[in-house]
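Accompanying notes for the structure given below.
The values are calculated or read from the model by the stated rules, or taken from the named source; none is laboratory data. Predicted, not measured: the structure shown is a model, and the values here were computed from it. Methodologically, a virtual Cβ is constructed for each residue, glycine included, from the backbone with ideal geometry; neighbour enumeration extends over all protein chains shown. Heads up: the accessible areas ignore ligands, DNA and RNA and are worked out on the full protein's heavy atoms, side chains in. Shrake-Rupley method; radii C 1.70, N 1.55, O 1.52, S 1.80 Å.
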Amino acid sequence: MPFALICNDKPDHLETRKANRDAHLSYVAETGLVTFAGPFLDDAGAMNGSFILLDVADRTAAENWAAKDPYAMAGLFASVEIRPFKQVI
């Protein structure tokens, strides 16, 4: 079942994001559960959050995936919203 993760970075944490980006991308590749993903950008074009679409069995699996994301483990996010998602187009 698809779940969307809407993650907002803590203010002034761009360096935390950059320092953990390789580990995050490796985690995405290794788990094989991400259908679509990318960073949100501020008005200046700097990364300041993430949108991740997971294909997992249930909300618990989405929560577990999110908790083990290197970005989350590094304390990057101010908030993470996990919502069921239905693709129409």
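Net charge near residue 7, counting Lys/Arg +1 and Asp/Glu -1 over other residues with Cβ under 11 Å of its Cβ? Each step should come with its number before you reach the end.
Values: positive: 10, 17; negative: 9, 69, 81.
Within the 11 Å Cβ shell, the charges total -1.
State the answer as a single residue: which of 16, 84, 51 lies farthest towards the positive end of the charge dipole of the chain, with beta carbon charges of +1 for Lys and Arg and -1 for Asp and Glu, about the Cα centre.
84
To the nearest 20 Debye, how big is the dipole of the chain about its Cα centre, given +1 on the beta carbon of each Lys and Arg and -1 on that of each Asp and Glu? If you can, show how the numbers build up before the last one.
On the way: 8 positive and 12 negative charges, 30 e Å.
Using only the charged Cβ atoms, the result is roughly 140 debye.
For labels at residue 67 and residue 25 in the simple 7 Å Cα→Cβ model, what's the distance in nm?
Label-label distance for residue 67 and residue 25, simple model: 2.8 nm.
Ignoring ligands, DNA and RNA, what percent of the 1.4 Å accessible area of the chain is carbon and sulfur?
Details: 2990 of 5490 Å².
That fraction is 54 percent.
Could you put 30, 15, 63 in order of accessible surface area, largest first, with the 1.4 Å probe and the full protein assembly present? If you can, show how the numbers build up before the last one.
On the way: 30 145, 15 125, 63 85 Å².
Sorted by accessible area, descending: 30, 15, 63.
Which of these values of Rg and Dmax of the Cα atoms in Å was calculated from the structure shown: (i) 13.3, 44; (ii) 12.6, 37; (iii) 26.0, 73?
The value matching this structure is (ii).
Given the protein chains as shown and a 1.4 Å probe, how many square angstrom of residue 21 are accessible, to the nearest 10?
Near enough 80 Å² of accessible area.
With a/c under 1.5 counting as rounded, go ahead and sort the range 1-48 into rounded, prolate or oblate using the C-alpha gyration tensor (a ≥ b ≥ c being the square roots of the eigenvalues; past the cut-off, prolate if a/b is larger than b/c, else oblate). Mind dumping the intermediate values first?
On the way: a/c = 2.43, a/b = 1.49, b/c = 1.64.
The shape class here is oblate.
Which residues in the range 1-38 place their backbone N less than 11 Å from a point set 7 Å from the Cα of residue 44 along the Cα-to-Cβ direction?
Answer for this model: 12, 14.
Rolling a 1.4 angstrom probe over the protein chains, ignoring ligands and nucleic acids, what is the accessible area of residue 26 in square angstrom, nearest 10?
The accessible area of residue 26 comes to roughly 60 Å².
Students often forget the sequence filter, so: which aspartates and glutamates lie under 17 Å Cα-Cα from residue 18 once same-chain residues fewer than 8 apart are removed?
Filter leaves 9, 42, 69.
Mind ranking 31, 60 by accessible surface for me, highest first, 1.4 Å probe?
Details: 31 45, 60 80 Å².
The ordering from most to least exposed comes out as 60, 31.
Which sequence of 13, 24 reflects their accessible areas, 1.4 Å probe, from the largest down?
Values: 13 55, 24 15 Å².
Largest to smallest exposure gives the sequence 13, 24.
Residues with beta-carbon under 13 Å from that of residue 21, excluding residue 21: net charge, scoring Lys, Arg +1 and Asp, Glu -1?
On the way: positive: 17, 18; negative: 9, 15, 22, 69.
Neighbourhood net charge equals -2.
Before I look further, what does the chain give for accessible area per residue, probe 1.4 Å, in whole square angstrom?
On the way: 5490 Å² over 89 residues.
Accessible area per residue: 62 Å².
Along the positive direction of the dipole of the chain (beta-carbon charges: Lys, Arg +1; Asp, Glu -1; about the Cα centre), which of 34, 64, 2 reaches farthest?
Positive-most Cα among the choices belongs to 2.
Using the alpha-carbon atoms, what tilt in degrees (0 to 90, nearest 10) does helix 14-31 show relative to the longest principal axis of the chain?
For 14-31 against the chain, the angle is about 30 degrees.
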